[in-house]
Each structure stands twice: as C-alpha cells, then as structure tokens.
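Structure record follows, encoded as structure tokens.
Derivation of every value follows stated rules applied to the coordinates shown; laboratory data play no part. The structure presented is a predicted model; accordingly, all values stated were derived computationally and were not measured. Don't worry about glycine lacking a Cβ; one is built from the backbone with ideal geometry, like all the others, and counts go over all protein chains shown.
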Amino acid sequence: MTDPIAEGFVKSFAHPGGNVTGFATWGEFYGKEVELFKEIVPRLRKLLVLIDRQDPATERAVAEIRKTAAALKVTPVEREVTNEGDAERLFRSLKQGEADGVFIASPNLRNKLPSVIVALSSQERLPLAMHRKEWVEKGALFSYGYTPTQYAPAGAAYIDKILKGTKAGDLPVQQPPRLEFVINLKTAKQIRLTIPPNLLYRADKVIK
C-alpha cells in the first residue's frame with residue numbers, strides 16, 4: 001500500500017545547478033525515533049532494521065540509526081527487504097531473541113510495505129515503530145512523524161512560485177509544521193509492555 005499524500009507533497013524539487021528545495025520528511029527524524037523506541041521499550045537490545053539497498057536514502061538513514069543505537073547500547077540487526085515476499089521470509093526465519101523490536105529504515109519500504117510489516121510484527125509480538133498514526137491504529141506500538149496534510153498549503157505555495165519563475169533552489173527546505181507522537185496501549189498490553197506514565201503524558205494521542 002503506497003502513501004499518495006506523501007508522494008504528492010514530500011518530494012524535493014531540484015534545478016540543474018544542483019540546489020535542492022522541498023519538504024523534510026521522516027528521514028530527518030530517525031535518531032529521535034530510535035531514542036523514543038528505547039524509552040518506550042527499555043529492554044530493547046537488538047533492533048531489527050529493515051532496509052532496501054535500492055533506495056538511495058537508505059545509506060543516510062542507516063548511518064543515523066547506527067549512530068543513535070550505539071549511544072543507547074542497542075545493536076542494529078540489519079536485514080534487506082525489497083518486497084512482500086522478502087518480508088514474510090525474513091519474519092518466518094527470525095530466531096528467539098534475535099530481535100526485540102522492528103524499525104523500517106528505508107523510506108521506500110515505509111511507503112510500499114507498511115501494512116505487511118505491521119501484520120508480520122504483530123504476529124511475532126514484536127514492537128514496531130512507524131512514521132504515521134494510521135499504522136499505530138492498525139497495531140504498531142508507536143509513531144513519531146509528520147501529518148502529510150500539513151504540507152498541502154505549503155506545497156501549493158511552492159508550486160505556484162515555481163510556475164511563476166522562482167528557481168526551485170532559491171526556496172528553502174521546510175520542516176513539518178508539527179510532529180505527532182502516538183502510542184498504542186492495546187498493542188503494549190498484548191506484548192506485556194508497561195508504558196511509563198511520563199511517555200503517555202508526552203504523547204499527542206494514546207490509543208486504548
């Protein structure tokens with residue numbers, strides 16, 4: 001299942017000179033997502049990191065994840081996935097204790113396979129971090145990210161300026177207006193995880 005809103009508003013604009021403008025997406029927040037994961041799941045020691053080497057954004061994402069994980073004494077267990085079949089085979093092959101949680105590194109996978117990964121993580125009773133509250137509502141443990149519709153007004157304004165002659169490279173990269181932190185208490189109970197009260201207080205939404 002793809003994310004048409006994200007595809008429509010979270011793309012960068014480039015011009016021949018090489019400058020880039022557009023809108024920052026989940027790629028800028030990997031470190032914070034890993035930090036939250038460790039806070040929510042204190043027993044997190046091995047983090048299953050799903051990557052797609054064909055996605056050019058993967059290298060940057062993995063570098064950020066490794067850096068943050070090292071500081072938190074969490075070991076990234078990196079596994080390659082490119083399609084639904086890969087994901088199913090990977091989760092079937094997981095051994096006891098091989099992973100304490102699941103994290104999707106490549107934006108391509110976050111866009112193409114969220115429903116599959118939510119389902120597989122739920123079957124294995126593994127906590128899963130996601131980038132959108134819609135997937136927390138479907139069973140992921142938590143999400144930390146933008147709301148795609150926030151980009152609509154700014155996206156329309158950027159397009160209008162470019163069509164009127166403004167160079168794309170002259171327009172600054174914008175951060176999301178607001179990041180949303182959502183926790184699924186029902187999922188936490190299913191995996192016998194107690195969420196600290198301070199995290200519940202910090203959450204923008206708690207699903208019970």
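For residue 81, the residues whose amide H sits under 5 Å from its own are 51, 52, 53, ignoring neighbours fewer than 5 places away on the same chain, with H placed 1.01 Å from N. Neighbour counts of C-beta atoms inside 10 Å place 206, 74 in the sequence 206, 74, starting with the fewest.
The H on the amide N of residue 146, modeled in the peptide plane, is under 5 Å from the matching H of 180, each at least 5 residues off or on a different chain. Along region 43-50 the Karplus relation, 6.51 cos²θ - 1.76 cosθ + 1.60 evaluated at θ = phi - 60°, assigns HN-Hα couplings of 7, 4, 10, 10, 10, 6, 10, 8 Hz to successive residues, with x for each Gly and Pro.
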